[in-house]
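Each reported figure results from applying straightforward, stated rules to the coordinates on display, with no laboratory input. Every value quoted in this text rests on a predicted model; they were computed, and no experiment measured them. Counting neighbours? That spans all protein chains shown, and the Cβs are built from the backbone with ideal geometry, glycine included.
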Amino acid sequence: MSQVHSNLHRSPLADWWEGTRRTDIWWTLAWFDIVLRYRRSMLGPLWLTLSMGVMIGGMGPLYASLFGTHLDKFFPHLALGVIFWGTFSAVVTDACNAFVGSSNYLKQGYFPISLFVWRGLARNLIQFLHQIVLYIPVAIWAGVTLSWSVLLIIPAFAILIINAHALGLLLGLICTRYRDVTQIITSLMQMLMFLTPVFWLPENLPSRAKYVLWNPFAQMLDLLRTPLMGGVAHLHSWIGIAVWTVLCVSIASVLFVKYRRRVVYWL
Amino acid sequence: MASISLKNVSVSFPIYGAGSASLKKTLAASVTGGRFGKETGVTVVQALSGLNLELKSGDRLGLVGHNGAGKSTLLRTLAGVYEPSAGEFTRQGSVASLIDPALGIEMDATGIENIMLRGLVMGMSMKEIERLTPEICEFSGLGEYVNMPVRTYSTGMMMRLAFSISTSVEADILLMDEWLSVGDAAFTEKAEKRMRDVVSKSGILVLASHSPELIAKECNRVIHMEHGRIVES
């Protein structure tokens, strides 16, 4: 029953693992975040699904005619784009508030901070699962045929989780120290939405503007979206994301090692 | 065996946002010709400086001192919230912290749900929580209110709930800040009894209070703090 606690005796890795290991804590906290947020509404998290569905339904026909593409090709593209972008942007904005939003716990006792990053991530995963169902009717209507390449969604999703967690630690720490960064990130995400092929088709891009597709969000989106539409993602997306992941994880590790116990002082 | 050891421990807070730390000012200072970083010197509050303290099982320590003397910071450091900026801190034994019982209570969740959330956060497993829940409800004396959202509770009721949960597990070290503001006379008596039970099981109690009578009654050691230092023990 007795445990030793000391500022000298826990390695960063052990600290990180301590927070990661307790899935029951962060999963329950995330679940309650959702339950409590929607307690007094009838549809609960499905409200977001509904509004997203309305947006996709409204934009689909209009943008298909604007871009001059067939709706049955454009609709799945748009639906997945909007759904995944919604998740990306929620993950990033929540990452900024990972520690500020959990200050009531952090000020109470010792907690490994990775716990709260997982909490935010789990919350967004639950939301995502509510939204991805929208794609099912769209895919059936458009007659999307899946091939074996759909299995590539599994590694792609794993990469998404790794990046989201690393980004959560990284942005969480920076945004707790410099509160302005949260605002910068929010507006940056808005801009990035237009630079990422969420609505438009990458084929329509003139070749001199192809470099836009090197943004990590565009690549991540390519990895997640293309297999679900029966295609195979570009090789450059895999390479780009691999580089990005290494970068993101290394920066996050450096910051985590250095500031993981310091963050409480900034709250 | 519970023990706490502080060797030359200091805790200092950088205070950002006290006029000098926004990005705007840092940038403005750099473009207006001001030396970068000159104006952004961060105000640092030395909350604890050079504390030495050894506690072992059976110690019931009272912390006294005026507001802002560092009592709560010391409690939080003992709880593991703040890692000392200098010095060495070792602690052995599980901790129950009642520093600010209202912290970590979800207002929209019901009493029962709060028991679960807080129990989990304190490190209990779902099984343990299930086993302890009836006992906690019973002790809190909230009756049917445990199924109501906490936002409908009065301050006293909220404190009762928080206190009941936090003291439901056997901890070796109990950290408290002004605990007698817990509720009405009947509950206070119950709370006091539970306190003594916990401490008598070879634990450590650290209690910060402004009431000399309480300290005299509950503690066998007293330290007096001023400006983050121990001036008398």
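Assorted remarks:
- Inter-chain shielding of A:97-107 (mean C-beta neighbours from other protein chains, 10 Å cut-off): 2
- For chain B, calculated [θ]222 nm from helices alone, where every DSSP H run of n ≥ 4 adds -39500 (n - 2.57): -10500 deg cm²/dmol
- Alpha carbon centroid spacing (whole Å) that separates region B:199-233 from region A:41-70: 63
- Residue B:43 long-range amide H proximity, modeled H, under 5 Å: B:15
- Between 0 and 90°, nearest 10: helix A:71-96 axis offset from chain A longest Cα axis: 20
- Most mobile listed residue (B:208, B:86, B:47) in chain B, GNM with C-alpha springs under 10 Å: B:86
- Per-selection Rg to Rh, region A:1-143 - Cα, Kirkwood hydrodynamic radius: 1.14
- At least 18 Å along the helix axis (C-alpha) and Kyte average at least -1.0, DSSP helices within chain B: B:126-140, B:185-200
- Exercise: per-residue mean of other protein chain Cβ atoms within 10 Å, A:34-41: 2
- The DSSP beta bridges internal to the protein assembly as shown are antiparallel in roughly 60% of cases.
- Only helical runs count toward this figure. For chain A, summing -39,500 (n - 2.57) over DSSP H runs of n ≥ 4 and dividing by all residues gives -23000 deg cm²/dmol at 222 nm.
- Taking the centroid of alpha carbons for each part, region B:133-184 and region A:104-147 are 33 Å apart.
- Comparing Cα centroids, region A:206-267 and region B:43-114 end up 40 angstrom apart.
- A Förster radius of 45 Å combined with the Cβ-Cβ distance from residue A:234 to residue A:126 puts the calculated FRET efficiency at roughly 0.90.
- In chain B, lysine pairs closer than 27 Å at Cα, eight or more apart or cross-chain: 22
- The angle between the Cα long axis of helix A:216-228 and the main principal axis of chain A comes to about 60°, on a 0 to 90 degree scale.
- Computed 3J(HN,Hα) for region A:102-119, one whole-Hz value per residue from the Karplus formula 6.51 cos²θ - 1.76 cosθ + 1.60 where θ = phi - 60°, is 10, 4, 5, 7, 4, 7, 8, x, 7, 9, x, 5, 4, 3, 7, 5, 4, 4, glycine and proline marked x.
- Simple spin-label estimate for residue A:73 and residue B:46 in nanometres, 7 Å along Cα-Cβ: 7.2
- Taking trypsin sites (Lys or Arg not before Pro) across region A:172-213, none is in a DSSP loop with at most 14 further Cβ atoms lying within 10 angstrom of its Cβ.
- Among B:176, B:122, B:159, the largest mean-square fluctuation in a Gaussian network model of chain B (Cα springs under 10 Å) belongs to B:122.
- Residue order for A:150, A:92, A:54, fewest other beta carbons within 10 angstrom first, comes to A:54, A:150, A:92.
- Helix axis angle, A:12-21 relative to chain A longest principal axis, alpha carbon, degrees: 60
- Along chain B, the exposed loop sites are trypsin sites (Lys or Arg not before Pro) outside DSSP states H, G, I, E and B with at most 11 other Cβ atoms within 10 Å, and the longest stretch free of them is B:39-233.
- Take each residue in B:79-91, count the other chain C-beta atoms within 10 Å of its C-beta, and the mean is 5.
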